[in-house]
């Protein structure tokens, strides 16, 4: 792991306030490897867990938007447009996650899809 990613992981760890038991274990340093999460059968419910344990996943070249779809719903007041985005993240060393995000704006939907993909590694 390069020095930049170690610094990024350290910054995320300092700023992050975990909301789950697994998140607290990762922040306290009791879980230091993603293999431990899979062995113990935990479900990843916070994207920051992946940011700390696999920081190279956050590189732009390791995140890919696979599909952007426009969905339209007709209401009494007119058309409501939303976007559905399919994204993939990985570390190019065996870990891959896919996620689908929805939003009224493309940028919001992309961020949601990437976060869901991180939680689905």
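No value in this document is a laboratory result; all are computed from the given coordinates. Note that the coordinates shown come from a computational prediction; the quantities given were computed from them, not determined experimentally.
Against the longest principal axis of the chain, how steep is helix 106-119, in degrees 0 to 90 to the nearest 10, with axes from Cα atoms?
That works out to roughly 40 degrees.
Past the 18 angstrom mark, what percentage of all C-alpha to C-alpha distances in segment 61-119 do you count?
The proportion of pairs with Cα distances above 18 Å equals 37 percent.
Grab the alpha carbons of the chain, take their convex hull, and tell me the volume per residue in Å³.
Once divided by residue count, the hull of the chain is 124 Å³.
Using only Cα atoms, figure out Rg for segment 3-58 and give it as a multiple of 2.2 N^0.38 Å.
Normalised by 2.2 N^0.38 Å, the Cα Rg of segment 3-58 equals 1.03.
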